[in-house]
Structures are given as C-alpha cells and as structure tokens.
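Any read-out appearing in this document is the output of simple, stated calculations on the displayed coordinates, not a laboratory observation. As the structure is a computational prediction, the values presented were derived from the model and not from experiment. A quick note on method: Cβ atoms are made from the backbone with ideal geometry, for glycine too, and the neighbour counts reach across all protein chains shown.
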Number of protein chains: 2
Amino acid sequence: MSSPRVTMADVARRCGVSPMTVSYCYNRPDRVAPETLRRVREVAAELGYHGPDPTARSLRRRHNGALGVVLGEHLAYAFEDPQARRFLAGVAEVCRERGVGLNLIPTTGAEQDGERVRSAAVDGYIVWTTVDTDPVLEVVTGLGKPVAIHGGPAVPGAELVTIDNRASARDLAARTFAGARRPAVLSLPFDRDREPRLETGPVAEAVPFPVTRERLLGVYDHCREAGLDPRGLPVAVVARNDRYEAEAMADALFDVRADAVVAMSDQLAFAVLDAARRRGLSVPADIAVAGWDDDPDAGREGLTTIAQSLFDQGRACALIALGDGAPRREPGWAATVRASTR
Amino acid sequence: MSSPRVTMADVARRCGVSPMTVSYCYNRPDRVAPETLRRVREVAAELGYHGPDPTARSLRRRHNGALGVVLGEHLAYAFEDPQARRFLAGVAEVCRERGVGLNLIPTTGAEQDGERVRSAAVDGYIVWTTVDTDPVLEVVTGLGKPVAIHGGPAVPGAELVTIDNRASARDLAARTFAGARRPAVLSLPFDRDREPRLETGPVAEAVPFPVTRERLLGVYDHCREAGLDPRGLPVAVVARNDRYEAEAMADALFDVRADAVVAMSDQLAFAVLDAARRRGLSVPADIAVAGWDDDPDAGREGLTTIAQSLFDQGRACALIALGDGAPRREPGWAATVRASTR
DNA sequence: CTGAAAGCGCTTACAG
DNA sequence: CTGAAAGCGCTTACAG
C-alpha cells in the first residue's frame, strides 16, 4: 500500500528538468511550454507522483488552506444539535467556495485541549459553544491567526458573531409571559457540568455559558419591567439541547404549575409541548411557550420563536476565520409569532 | 492580531542554547536540564512563542496527526442524516483517543474533488457514501495512505467496512413480505442524481450506490425464493434519507396499493408509518413496514429493523485509516422484530 | 520559457 | 545533558 514516496525532485530528474519547472507544471501550467508540461505529466504518472506534498507546500506558502472549528463539546453532541448543524453547514459552504479544508477540533475541558487546538494545521479558528473561562480561548487568540467566536464570550483578539441574545430574550419573555400568572424558564445548560436541575431565580451574571447568560438576563429585564421579581422565577436547566432528554425538566416546570415558559431553544420548547400534550393541557390557554431558532419543526408545531440564521452566522464566522476583512454587522433576529403564545 | 512569527530559532538565540534544545523542551522535556527547561519556557512566553509550528513538524516527522473523512455529499446532508452522525461520532471517538485531528472533505462529484482530497494534510482516509464510479476512489487509493471505505464499493488499495447488506435485506424482506399480496420497496437514492421516482423492478446490478444496490439485490433474492417475480416489484426511490422529504414517495407506494414495504432506512420507514397514519391505515394489518439501523425512534414507533452499529463501524474505519493493522471481521447485523411487521 | 539558490520551521540519530 | 548538521518537500522572486 505505501510505496516509497516519490518527490518532485524525482520527477524533475527523470524528465531532465529542474524541480521548479515541475512545480510550475502544477502551480502555473500556463507558464510552461506545452511539450514540457506533457512530458512532466507523463513521467509523473509513470512514477506514481500525485502532485506536490500538501504539507511541504503549506510550510513553504505559509498557509494551510484549512480552517479549524473548535467545538466546546463532544463531536457527537455537535452533530445531534440541529442548530449546530445549520451553523456548520454555513461554515462548510464557505469552505467549499474558497476551496479550503474544514478541521473539527472537539474539546471537553480536558488538559490536552489547548495542545490539540494549537497543533491543528489551520489558518484560522471558529469557536462554537464555550464558556467564559475556557483556557482554550487564550490559546486560540494568542496564535496570531484570525479567530471568530460564536455566541460569546467577547474576548480581545477575536471577532464575536452573535445576535443580541439579551434583547431577543426580553422581547420573547414579553410575548410569552403576557397574561401568565406563573412564568418560568426552561434553560440551556449553565456550564460544562451540564447538571439538570430546577432553580429559582438563579444569579444570571454567574452563568458561564454566554448565550444562556444573556438570554436569562433578557428574561430578567422583562420581569423587572413587568413588575415581576426575577428572584422568584422557576428556571429549569437541562443537561443537553435535546427534545426527549428535556422532558424531565419540562415536567418539573409543570409540577411547579408554570403557565408560561420561555424555552431557550425550539428543542426545549418542543419538550414543553410534548409534556403539555401528555397531560392533556391546551396551548397557549393552559401553557404558553416559545423558543429560539425557528427550527423547521417550529412551523408544524405552531411555535412562537426567535428566528435567526445560524447558517448565515456560520458563513460569517468562516469568512472571519479566513481573514476576510470585510466590515460586518451584528446578525439579525426577529420574533416569529405563532399559536403557542397568547 | 498577526504579529511577526516567532520561531524556535528565535527562542534558542535569546536563550543562548541551540534550536534543538528548544525542540527537546517541547518533545522530550525529560531529557533537558530542569533549569534549561525553565529558562526556555520563560523566554518562549516572553517572546510569544507558542510551541513548534504544526506544519513544519508534520513535514519533518512525515505524518500529519490527522485523518480525512471524504463525504460523498454536501456537508449539510451528512449532518442531517442520523446514521452519518452516529458513524462520524465513532470516528471522532477514535480521533480523540489517539489525539489526531479530524478533517472533513465533502465532495459532490465536482471537478476539483480529487484535488481537494489529494491536498488534505492527513495520514489516512475514510470514505463515506460514494458510488462505484467515483473518480475520487482512484485518487484516494493511489496516495500510499491507508483508506477505509464504508458501505462500498470494494476497491483494491482500500479496506471495506460494511455489514452484509444483501443478506440482511433478504432476511428483512422475508419478514416484511410474509403474508403480503403487494410488496414494495422504498429505496435510498440510486446515484448522485438523487432523482425521486417510482420504478418497477429496476435492474439492481445497475445501481451505482453500493449499499442501495446490495439491499435491492437482497430483496430480489428473497422474492425469487418466495416465488415472486422481482420484475414486478414497485420500487420508490427517494432523493434523500429524510423522513419528511420521503413522504411523497411513501404516498406513491400507497397509490399502487402496497401492503408491505421494505424501506432502506428507518427514516424512510417512518415516512411510511406517517403516511399510513394520515390515511388511517393500521400497521401491520393494512401495511407492514421495516427499515434499517434501529434508530432511537424505532423503539418508540414499534418498527422492525435491521440493527447495526454505525458508531462501531466509524471506529473501525478510523482505526484502519490510522494504519492500525489489527485483523478485522465484518460488522454484525441482527433483525430487531417489533410490531410493524406481521 | 527555464533554472540556481535560498529558505519555510522544525526533528532526529549521533556524537560528545 | 547539549549541539552540529542534514534534510523533510516544496515555492518564489529573480535572472537569464
């Protein structure tokens, strides 16, 4: 299977030309005499030379033609999450357009995360889903390569791509809590521990996942404006953004008699709808619910939700990580109002 | 953001040691005097040196510490498909264990596919979902690097990882078609065109996607044994392995009065169940149906299915692509019989 | 249209 | 415990 490596020099020697002429045959075929080109290609095929070694080329050219996506979770999780998939699809589209590779770098808070990030042969990084204190952030921003961070946190040396989660949460809470007596939140994980639990008015500022934190802050903003004390707000926290896994925490909210739930994603909102269905409750009369992302299923389920394009945000992150210096503006969001809120 | 690059030589000079001593500090810290190690680290931090350049290291060591996954479809599709996700999760697990990177290389039959595969800085390849005639197969097997192909085709220079799709299809058809008067197949795509259509007894040997072909052959095997003429068998072909997109083709089978459907994946089987539900038909009395993969939802839906572990197959492919020479045996499958067949 | 030369940044087996 | 030297395979601006 692995034959002795054939190099450009071998081809050159056999052709009686210099290595650089062979190099030109691959990189600037237009600058080479047609006959030379033909001979070189012929000899290359004969010798089993498959073109310039990508690593040597990268070293010489000082760029890798690849982009690294740092995933703040197990790869399997990233693939399970519908929004992560949309985001990654957007990244991949840009990679295709620009002919660059896509390197996945899952991290889990382990010791070697930094080393794995550092030693990836990439020209720029995208960071998806991380916590404020992630040591990987310092590593990735210290490499002298462009970095895009999705969702947060904002750190020096990286460009942030995110909607205004706080403002969208405030908007959504206003719609969802209208006419409710017992509002509640079904929250994405607070931190990497991913411990499912039911809290009451947790301190939002202390939540390490930026997206979760901002959305919680936005909900609290609304509460204060509406004269509700956030300190009494039931907040159920799930371990994962998964419709079925979230059922237990949705149940927990029904157990405390919630009649309006801001869920931090459509998946979590679906879990609330599922739980309501099982209990024979009607939506939104008995329970109002809303989510984020306007998932394809949200239409089918009649779910009110904050629409945003994770795909476009993936594209934006990829362009940043590729060093595209175009001026950018904050991604937009809009409430899509359906039948799940009053 | 991008400071002038600091090299190992810079650190060495500033420390008054040779570059190789600095190299040893990163690669064999145990062989360096503690005081030297401390100084080198101090100076490195001071200068903003972040450790050996990965590309230069790869060139010198002659391996990349990364593995390429060639996807025979758009990246977004790969992420949408539950089985692709399981497979990739298995690949990723091995990558984590071995500390190697994971390179995604989507291909779509375009001209530049070969070049993109060839120029990936990886030590081995995994090929997921391709057709017999894919030119990428020749490229990837000619590189002198280990190659694992999932599903098929079997080609020289690559190791094949797949269940015996034909045998499993024969088994499943026997279970599903028992007692039926109008058996039918809901098929995965035949080729990259991914044209949805309804055929009657198509020539199985001519189907370019190996998995589809083998499963169709297996169904035909059963038909012949049961005295059914495969040439009369309705075979609806979907464009994508997607539950909702497949509804139209599921409907097409109901329109030709099918009362037993071998669906080539659980997703497609779910589409049949959905269609039956919409028509108020009962399963399996009015329509028997079965699929492949034993998706987590298959239990919920009471679906008879061929169970196989795509996760383990992902692991196996990764080990092959990493050059692990352990002897391998064909992955196993087993029919999980539930209420959807008679 | 083609070549001589320098160098991308590192690692390794060996000697001391 | 540390260093001199060779070399991984290629590309580039320049000269001819």
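Near the amide H of residue A:159, within less than 5 Å, lie the amide hydrogens of A:147, A:148, A:149, all on another chain or at least 5 residues away, with H placed in the peptide plane. Taking a sphere under 13 Å around the Cβ of residue B:189 and counting the other residues whose Cβ falls inside, with K and R at +1 and D and E at -1, yields a net charge of -2. Sorting the segments B:230-238, B:7-15 by their mean number of nearby beta carbons within 10 angstrom, highest to lowest, gives B:230-238, B:7-15. Contact order, relative form, for chain A: 17 percent (alpha carbon pairs under 8 Å, 6 or more residues apart, mean separation divided by residue count). Could you give, in nm with one decimal, how far residue B:336 is from each other copy of that position, shortest first, with labels 7 Å out from Cα toward Cβ? Distances between equivalent label points, in nm: 3.1.
Taking a point 7 Å out from the Cα of residue A:255 in the direction of its Cβ, the residues of the stretch A:181-204 whose backbone N falls within less than 12 Å of it are A:197-199. Sequence-ordered 3J(HN,Hα) estimates for the stretch B:71-78 from the Karplus curve with 6.51, -1.76 and 1.60 and θ = phi - 60° stand at 9, x, 6, 4, 4, 4, 4, 4 Hz, glycine and proline given as x.
Summarise the partner chain shielding of A:77-86 as one whole number: the mean count of Cβ atoms from other chains within 10 Å of each residue's Cβ.
4
How would the protein assembly as shown be classified by its alpha-carbon gyration tensor: rounded, prolate or oblate, with rounded meaning a/c under 1.5 and the a/b versus b/c comparison settling the rest? Cα axes put the protein assembly as shown in the oblate bin.
Loop-located trypsin sites (Lys or Arg not before Pro) across the stretch A:128-195 with a Cβ neighbour count of 13 or fewer within 10 Å are A:181, with loop assigned by DSSP. Rg ratio for the stretch A:1-98: its Cα radius of gyration over 2.2 N^0.38 Å, N being its residue count, equals 1.55.
Counting, for every residue in B:94-106, the Cβ atoms of other protein chains within 10 Å of its Cβ and taking the mean gives 5.
Each peptide in A:64-75, A:324-335 was scored by the mean count of other Cβ atoms within 10 Å over its residues; highest first, the order is A:64-75, A:324-335.
Note the angle between two axes, namely the Cα long axis of helix B:165-177 and the longest principal axis of the Cα atoms of chain B, as a number of degrees from 0 to 90, rounded to the nearest 10. Value to nearest ten degrees: 30. The sum of -39500 (n - 2.57) across all DSSP H runs of n ≥ 4, divided by the residue count of the protein assembly as shown, sets its helix-only mean residue ellipticity at 222 nm to -12500 deg cm²/dmol.
Comparing A:172, A:186, A:37 in a Gaussian network model of chain A, where Cα atoms under 10 Å apart are tied by springs, the biggest mean-square fluctuation is seen for A:37.
A Cβ-based charge dipole, computed about the Cα centre of the stretch A:103-237 with Lys and Arg at +1 and Asp and Glu at -1, lands at about 540 debye.
With charges only on Cβ, +1 for K and R and -1 for D and E, what is the dipole size of the protein assembly as shown about its Cα centre, in debye, rounded to 20?
1540 debye
Secondary structure note: in chain A, about 20% of the DSSP beta bridges are antiparallel. Amide H contacts for residue B:307 (H built 1.01 Å from N in the peptide plane; partners 5 or more residues away or on another chain; cut-off under 5 Å): B:293, B:334, B:335, B:336. Dipole orientation for the stretch B:165-307: of the candidates B:292, B:223, B:261, B:223 has the Cα lying most toward the positive pole (charges on Cβ; Lys, Arg +1; Asp, Glu -1).
Inter-chain Cβ neighbour count for A:107-117, averaged per residue, equals 1 (cutoff 10 Å, partner chain atoms only). Among residues other than residue A:95 with Cβ under 12 Å from its Cβ, the summed charge is +1 (Lys and Arg +1, Asp and Glu -1).
Shape class of the stretch B:66-161 from the alpha-carbon gyration tensor: rounded, with the ratio a/c of largest to smallest axis under 1.5. Could you state the angle between the C-alpha long axis of helix A:82-98 and the longest principal axis of the C-alpha atoms of chain A, as a value from 0 to 90 degrees rounded to the nearest 10? Approximately 30 degrees, to the nearest ten. Note on the stretch B:192-342: Rg/Rh from Cα positions, Kirkwood definition for Rh, rounded to two decimals, is 1.00. Each residue of the stretch B:317-326 was assigned a 3J(HN,Hα) from its phi angle through the Karplus curve 6.51 cos²θ - 1.76 cosθ + 1.60 (θ = phi - 60°); the sequence is 4, 4, 5, 4, 5, 8, x, 6, x, 4 Hz, with glycine and proline shown as x. Remark on residue B:288: its backbone amide H falls under 5 Å from those of B:260, B:261, a criterion applied only to residues 5 or more positions apart or on other chains, H modelled at 1.01 Å from N.
Across the stretch A:26-34, computed HN-Hα scalar couplings (Karplus, 6.51 cos²θ - 1.76 cosθ + 1.60, θ = phi - 60°) run 8, 9, 8, x, 5, 8, 10, 4, x Hz from first to last residue, x flagging Gly and Pro.
Given contacts defined as C-alpha pairs under 8 Å and at least six residues apart, what's the relative contact order of the stretch B:39-192, whole-number percent? Across the stretch B:39-192, relative contact order equals 20 percent.
Å³ per residue of the Cα convex hull, for the stretch B:130-214?
91 Å³
Restricting the stretch B:36-79 to trypsin sites (Lys or Arg not before Pro) that sit in a DSSP loop and have at most 13 other Cβ atoms within 10 Å of their own Cβ leaves B:62.
Between residue A:239 and residue A:328, take the C-beta separation as r, use R0 = 25 Å, and let me know the FRET efficiency to the nearest 0.05.
Rounded to the nearest 0.05, the efficiency is 0.15.
The chymotrypsin sites (Phe, Trp or Tyr not before Pro) of the stretch A:179-249 that meet both conditions, a loop assignment by DSSP and at most 16 other Cβ atoms within 10 Å of the site Cβ, are A:244. With angles folded into 0 to 90 degrees, how steeply does helix A:210-225 sit against the dominant principal axis of chain A? Use alpha carbons for both and round to 10. Orientation of helix A:210-225: about 30 degrees from the principal axis. Classify the stretch A:224-288 as rounded, prolate or oblate from the Cα gyration tensor: take a ≥ b ≥ c as the square roots of its eigenvalues, call it rounded if a/c is under 1.5, otherwise prolate when a/b beats b/c and oblate if not. Judged from the Cα gyration tensor, the stretch A:224-288 comes out oblate (a/c at least 1.5, b/c at or above a/b). Note that chain B shows a convex hull volume over its alpha carbon atoms of 164 Å³ per residue. Specify which residue in the list B:88, B:16, B:190 is farthest towards the positive end of the charge dipole of the protein assembly as shown, using unit charges on the beta carbon of Lys, Arg (+1) and Asp, Glu (-1), about the Cα centre. The one lying farthest along the dipole's positive direction is B:16.
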